[in-house]
């Protein structure tokens, strides 16, 4: 995989996340000993998302092609996803996103790292899709931020400091909205609060891509800040048919 431009001025607002400290690792090891983690899918002890269940994740085709009406993004060079939004991956993401199973971040980001390293694309910076402060207070964490931190640790890429790319508009939940409604819902929702990006190639991280509308709205803010090429990487890709707002296993995420 070729490298991005790695311009030195990025060091003032982006860095590869440090590994957890010795005390943090020791605390985790003790908790795992006292309360062994169980797979979110099959409930076997040993890990949050066991290797057997991970092996059942259905991969996407390159570029995750979909109906042109659902493609959504016109500002991104491409969207890569680790798997299709179908069980077991869809079940794991719901637990991670809505039921505080933050321990799934490492397994999900591991899938994403493998997908990205296979792509051969080089980037300078990684940015998580931000939550509005109201939604962040409700949920207690930004699932995309957790994925981005673990992903950057794995692939040694600089992660943008939280708050630089911000969600300035509190939007409706995307769940249950139709395709065109999703695009209108996030239009103008994001803003860049940092220094000029001076042509940096940026990778956006999120949990699920459906129409690409949220990622595209983020890309608009980054382009206005001077970014160059923009890519996106998600844990899952939901593929819907034109005119539909539901998947086979439930509402589009």
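Of all the listed residues (156, 97), the sole one being on the phi > 0 side of the Ramachandran plot, at pLDDT 90 or above and assigned by TED's automatic domain parsing to the domain that holds residue 218 is 156. Listed conditions (1) part of a loop (DSSP other than H, G, I, E, B); (2) at pLDDT 90 or above; (3) on the phi < 0 side of the Ramachandran plot are all met by residue 223, apart from (1). Filtered by the rule that a residue be in a loop (DSSP other than H, G, I, E, B) and either out of contact with any strand residue (DSSP E or B) (no Cβ under 8 Å at 6 or more places or on another chain) or closer than 19 Å to residue 110 by Cα (or both), the range 198-209 gives 198, 199. Taking the criterion of being at pLDDT 90 or above and on the phi > 0 side of the Ramachandran plot, the only residue of the range 199-214 that qualifies is 199.
Here residue 103 meets each of (1) closer than 21 Å to residue 41 by Cα; (2) modelled with pLDDT of 95 or more with one exception, condition (2).
Annotation note: of 217, 238, the sole residue that is at pLDDT below 95 and under 24 Å from residue 86 (Cβ atoms) is 238.
The helices (runs of 4 or more DSSP H) located wholly in the range 73-158 that include 3 or more residues which are touching a helix residue (DSSP H, G or I) at 6+ places or on another chain (Cβ under 9 Å) occupy 89-98, 105-117, 143-155. Residues in the range 109-132 that are free of Cβ contacts under 8 Å to residues at least 40 places away in the same chain and more than 25 Å from residue 221 (Cα to Cα): 2 in all.
The values are calculated or read from the model by the stated rules, or taken from the named source; none is laboratory data. These numbers come from a predicted model, not from an experiment. Virtual Cβ from ideal backbone geometry, glycine too; neighbours counted across all protein chains shown.
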